[in-house]
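The numbers here are math on the coordinates, done by the rules we state, and not lab data. In this text the structure is predicted, and so the values were computed from the model without any measurement. No Cβ is skipped: glycine too gets one built from the backbone with ideal geometry, and neighbour counts run over all protein chains shown.
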Amino acid sequence: MTDRPPDAPPDSPAAGSAGEPTRFLFVWAQGARHILHQHPALALTLGYLFLSLVGMVYEESFFSQFDLQILDFADPSDFILVSLRKPALLGITLLSLWVMLRMVRRHARRMDRSPRYRRLAEWIARRPWWPLAARFVYAALLMGYFLALTASYAEHNADVIKKGRGPKVRVEVVADAAAKSGPPGERLYTLLGTTSRYLLLYDSAAGRTEVLPVNNLARLTAAR
């Protein structure tokens, strides 16, 4: 015995509208399972692309706080390491999925409790474009929450560094090492991140971001 209202037969448009999000997620889950079992190489490639995309979104949001276009200095392989260094990004992805599922459940409850909301859902479900549009809507909601949470996380980390609480390093470039015969000319920076070709630094005193090619690096030590 179900708790469906009397005016909502099982094959009504409203019933289809309420179940559409669940069907959407089920189809995606079944497709992922099929790819994982039948095409493991493709699954590995898609996983690589997913982690790279997560890392790229975070890096772009983070370095934009320092007026730095990270895409100009990073290689695609650099972004996958970001996801591995910051497991919180995977948690944000799962949290985004959880938020969307909560919205799906809330939609289903409102269908049962509000006749006015139900009539609106029925009208939308009758549109010929809705079955296809629904898939894009739910995917856009998931991506929207992920982007918003990632941007908030990146902004928080950037604020921590701007307040002087980031990891400090002492940097000596090749030119400094060659020009000095005495103690090395080390400079104190906050380490923003690294790529395969560049060291990304922040000068807290000057409020300036600097990009140092790794080939120009003579020595890098952690400041205590």
Non-local residues with an amide H under 5 Å from the amide H of Ser204, with H modelled 1.01 Å from N and Pro and chain starts lacking one, are Thr190
Using the Karplus equation 6.51 cos²θ - 1.76 cosθ + 1.60 (θ = phi - 60°), what ³J(HN,Hα) coupling, rounded to whole Hz, does each residue of the stretch 64-81 give in order, writing x for Gly and Pro? 5, 5, 10, 6, 10, 8, 5, 5, 6, 10, 10, 9, x, 5, 5, 6, 5, 5
Check which residues have an amide H placed less than 5 Å from Leu217's amide H, if you skip close sequence neighbours. Val174
How would you rank Lys163, Lys168, Lys86, going from fewest to most other Cβ atoms within 10 Å of each one's own Cβ? Lys163, Lys168, Lys86
What does the extension gain come out to for His39 and Ile124, with contour length at 0.36 nm per residue minus their alpha carbon separation? 26.9 nm
How large is ³J(HN,Hα) for each residue in the stretch 201-209, as worked out from phi by the Karplus curve 6.51 cos²θ - 1.76 cosθ + 1.60 (θ = phi - 60°), to whole Hz, x for Gly and Pro? 10, 10, 8, 5, 5, 8, x, 10, 9
